[in-house]
Structure formats: structure tokens, C-alpha cells
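To start, the structure itself, in C-alpha cells.
The values are calculated or read from the model by the stated rules, or taken from the named source; none is laboratory data. These numbers were taken from a predicted model, which means no experiment stands behind them. Cβ placement follows ideal geometry from the backbone for every residue including glycine, while neighbour counts extend to all protein chains displayed.
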Amino acid sequence: MSEKVSFNEAMKKALHLGGTLFAVTAITGLLLGIVQDFTSAAILRAEQAARNEAFKAVLPDADNFESVEVKADDFVADVQKGTGKSGLAGWCISVNSKGYGGLVNFIVGVTKEGHVKAISILNHSETPGLGAKSTEPEFYTQFNDKDKLPLKVVKGAANASDEIAAISGATITSNAIVNGVNAAVDYWSKNLKGAE
């Protein structure tokens, strides 16, 4: 009889311990879920704010941006139609281009005439001190107001209006961004040219 009592007591203890562990795990999971929901919403808001700033930076004549359906494309991920006081200002074309460390995500401002107004790098996995220099003004301002397209990367100084000086030691990143800009303008030419 004492063995049975011991077994029953052991079962009660095991069930009590299991129930406590289950309750702690459930409460912890619930709290982690709430924190994740809260932080993911904040992260999404921050990402959208950064995108909106980038839209305005690459297409400063636009006050309003409206999402446009994207046709299947290897580079283009998103298109926003930018309008201002005088109507269509151009297009913000979000591009993903393969760099050295992974995808480089950036926005290309394309005017209604098909010229590159500016670019803004949003995300990248490029090497610090090399490809990461793509986020520095010395590199990305080379794309401002480019109307002779397609662009090409050159080592050393850019001497022609269709040239972009490569980042020293980061030719792959430089090519990725130039290829993405050219792809954005090509997308505009095939899908957005003449649209209002």
C-alpha cells in the first residue's frame, strides 16, 4: 500500500511540476508574442518612414506617392507614382540588385522624361569600409540628374556624363548599383513611359 501512495504522490508531483512548467511556458510565449507584435509594428512604421523619406529625396518635386502595380521583373520590387503641384513628377522605383554581400535595396527616382533624378540606398549587406561606402554622398550623388543612359562603371574618375566612378575596392557593389539604376530606367521605358 505504501508503494502505491508513493507512486500516487510521485504522479501528483510530476503533474504539478508539468502543469507549472506548462503555465510558465504559455505565459512566457504569450508575453514574447505581445512584445514581438509591438516591436514588429514599430519596425514596419520606421521602415515605411525611411521609404517615404527616400521617395522625397529621389523625387523632390513630388508631394504624393501612389503605389503602382509592378510587372514581373528581376530587379524591380516596387513602383510609386510621384505627383506634385504641376502633375506627374516621376516615379520612385525600388530595386534589388545583387551586390558582393547580398542584395542591395535602393530607390531610383526617374523623371517623367526618363532621366535619373537621384538614388537612395535603403538596405545592404556590403563590406564595411568598402561596398558600404555606397551610402556615402561621394558615391550616390554621382547619380543625380543623369540623362545620358545607360550608365557604366569606370575605375578612377568619371569623365563622361554616362560614367559612374567605382568605389575603390568595391567594383562589384558599384556595378550592382549601376545595373540596378539601368534596370529601373529600362523598366520605366517598357512599362511607365507616357503614363500619367
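Kindly indicate whether any position in region 32-50 is under 18 Å from residue 115 (Cα atoms), at pLDDT below 95, surrounded by 10 or more Cβ atoms within 10 Å (Cβ to Cβ) and in contact with a strand residue (DSSP E or B) (Cβ under 9 Å, 6 or more places away or on another chain).
At the first step, the residues of region 32-50 found to be under 18 Å from residue 115 (Cα atoms) are none.
No, region 32-50 has no match at all.
Can you name the residue in region 157-180 that is among the aliphatic types (A, V, I, L, M) and over 24 Å from the mean Cα position of the chain (by Cα) and is also surrounded by the most Cβ atoms within 10 Å (Cβ to Cβ) among such residues? It would help to see each step written out before you state the result.
Of all residues in region 157-180, those among the aliphatic types (A, V, I, L, M) come to 157-158, 160, 164-167, 170, 172, 176-178.
If we keep only those that are over 24 Å from the mean Cα position of the chain (by Cα) too, we end up with 157-158, 160.
Working: 157: 7, 158: 16, 160: 9.
Among those residues, the one meeting the criterion is 158.
For residues in region 116-156 being of a type in the set (D, E, K, R) and part of a strand (DSSP E or B), which is nearest to the chain's Cα centre (by Cα)?
Restricting to residues being of a type in the set (D, E, K, R) and part of a strand (DSSP E or B), the top hit is 117.
Just checking, which of 83, 127, 141 is β-branched (Val, Ile, Thr) and surrounded by fewer than 16 Cβ atoms within 10 Å (Cβ to Cβ)? Give the steps one after another, and end with the answer.
Details: 83 fails: surrounded by fewer than 16 Cβ atoms within 10 Å (Cβ to Cβ); 127 fails: surrounded by fewer than 16 Cβ atoms within 10 Å (Cβ to Cβ).
Criteria check complete, one pass: 141.
Yes or no, residue by residue, for (1) touching a residue at least 40 places away in the same chain (Cβ under 8 Å); (2) surrounded by 14 or more Cβ atoms within 10 Å (Cβ to Cβ); (3) not charged (D, E, K, R):
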{"residue": "63", "(1), (2), (3)": "no, no, no"}
{"residue": "73", "(1), (2), (3)": "yes, yes, no"}
{"residue": "76", "(1), (2), (3)": "yes, yes, yes"}
{"residue": "92", "(1), (2), (3)": "no, yes, yes"}
{"residue": "96", "(1), (2), (3)": "yes, yes, yes"}
{"residue": "100", "(1), (2), (3)": "yes, yes, yes"}
{"residue": "106", "(1), (2), (3)": "yes, yes, yes"}
{"residue": "114", "(1), (2), (3)": "yes, yes, yes"}
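Quick one: in region 47-103, of everything that is assigned to a strand (DSSP E or B) and among the aromatic types (Phe, Trp, Tyr), which residue is nearest to residue 135 (Cα to Cα)?
For region 47-103, the residue satisfying everything is 91.
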